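The values are calculated or read from the model by the stated rules, or taken from the named source; none is laboratory data. Predicted model, so just to flag it, every value in this text is computed and none were measured. Neighbour counts run over all protein chains shown; Cβ positions are idealised from the backbone, glycine included.
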Amino acid sequence: MLAVVLIIAAILGLLYAILILLYRYWLLRLPVFESVEKKEPRNFFSVVIPARNEAANIPQCLLSVLSQDYPAALFEVIVINDHSTDETEACIRKLQDRFANLRLLNLSERIPDRQLNAYKKKAIELAIAESNGNWIVTTDADCMVQPGWLKLYDAYIQEKDPVFVAAPVMFTSPGGFLANFQLLDFMSLQAITAASVSAGFHTMCNGANLAYRKNVFYEVGQFRGIDQLASGDDMLLMHKIKLKFPDQLGYLYHPKAIVTTAPMPDWKSFLNQRIRWASKASSYQDRSIFWTLALVYAFNAVLCLLLCMSLFIPMSILYWLLLVTAKTLIELSLLALAARFYGVTAVLAWFPVMQPFHQLYTVMAGWLGKFGSYEWKGRTVK
């Protein structure tokens, strides 16, 4: 039994190592975006922000977006209030007194609550239908953007002529085990996103920081075909766009384009978030993502199995330590590049300690994402 598990673990480990080193190679080849010349602002952006019970976060979020180093006449901010039961709407209306380009839509006036699975997608569709921009930019109501955010998008679009642009997102870290665990986990996803999108390998992105042409959104049928899923307003849409415009996707790789958000405050909300992300795995039409996720899941599952076997076969722990050490070193070669870009190299010291927890959480979240349910924003989704 042990020999069979070790053979499987060795094969999966080799494939996993090749994949991580490939991502590292692509990330090394990705230059930080630098505009060849200083360009005059040209594009009109509609910044779309769905919000549900975000009174604690949305004032700071909106102030960061509305205070852009970009002409106010060339962007608008549309907040879609998704049936909030707190003071979210009042916070937005208060800011409307100061900013003429801030607009509010109430989803409750269009769609009664408890009738959809994908409220966020419907909210985005409604906002885009009423938007004035030629480019749609999305972020989340608990995020913060930097002053040059839209200016960088504009320069990138003028220079590269894409139809879809993904950009970096990162957690802030208040310190502590859980916060640093989330930061490291999320940073690995962001490193893979930057590497794979720039190489044209995966369609990966995060809805907290992406942009696409408004007309292209309609050309691919909006969210039609993926609107049964609560999640996937970012990556699943990106794949639809890539099918029609395979060579016109890009990644805005610049430190001043980073959007930040706080990590989940506790283990329950963290697991619910990751289960939500994992729930769309089987819906990816981009099979390269599916098989990559399958490899990651299988390798971590075998490592967990090997660790459990050490309770009955003591020698198993030595093989587990050997495999985990190799896995850690290979992953660190990729994470070190990302950590330098995000300016969080100190957090890498936590990485070896977190390996057993990461393996367990990967297996749990993957399984529950497929067969379980999760709670998000006060709603239970199966």
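With (1) crowded, with 21+ Cβ neighbours inside 10 Å; (2) farther than 18 Å from residue 252 by Cα; (3) not acidic (Asp, Glu) as the list, and residue 182 as the residue in question, which single condition is left unmet? For residue 182, the failing item is (1).
Checked against the criterion of being on the phi < 0 side of the Ramachandran plot and touching a strand residue (DSSP E or B) at 6+ places or on another chain (Cβ under 7 Å), the stretch 219-228 contains not a single residue that satisfies it.
Residue count for the stretch 16-28 satisfying the condition of being more than 13 Å from residue 332 (Cα to Cα), loosely packed, with under 15 Cβ neighbours inside 10 Å and either not assigned by TED's automatic domain parsing to the domain that holds residue 329 or not β-branched (Val, Ile, Thr) (or both): 2. Just one residue in the set 256, 268 is over 30 Å from residue 1 (Cβ atoms) and in contact (Cβ under 8 Å) with a residue 24 or more places away in the chain; that residue is 256.
Of the candidates 160, 121, 94, 151, the single residue that is crowded, with 22+ Cβ neighbours inside 10 Å and either of a type outside the set (A, V, I, L, M) or closer than 19 Å to residue 59 by Cβ (or both) is 121. Confirm whether residue 231 is modelled with pLDDT under 95, farther than 30 Å from residue 147 by Cα and among the hydroxyl-bearing types (Ser, Thr, Tyr). Considered against the rule, which asks whether it is modelled with pLDDT under 95, farther than 30 Å from residue 147 by Cα and among the hydroxyl-bearing types (Ser, Thr, Tyr), residue 231 comes out as no.
The single residue among 127, 166, 179 that is modelled with pLDDT under 95 and under 19 Å from residue 259 (Cβ atoms) turns out to be 179. Residues of the stretch 82-105 that are at pLDDT 95 or above and either of a type in the set (S, T, N, Q) or in contact with a His (Cβ under 9 Å, 6 or more places away or on another chain) (or both): 88, 96, 101.
Among the candidates 295, 307, 237, 271, the residue that is closer than 30 Å to residue 179 by Cβ and crowded, with 21+ Cβ neighbours inside 10 Å is uniquely 237. Would you check which residues across the stretch 240-251 are over 26 Å from residue 151 (Cβ atoms) and either aromatic (Phe, Trp, Tyr) or surrounded by fewer than 21 Cβ atoms within 10 Å (Cβ to Cβ) (or both) and list them? Within the stretch 240-251, 243, 244, 246 qualify.
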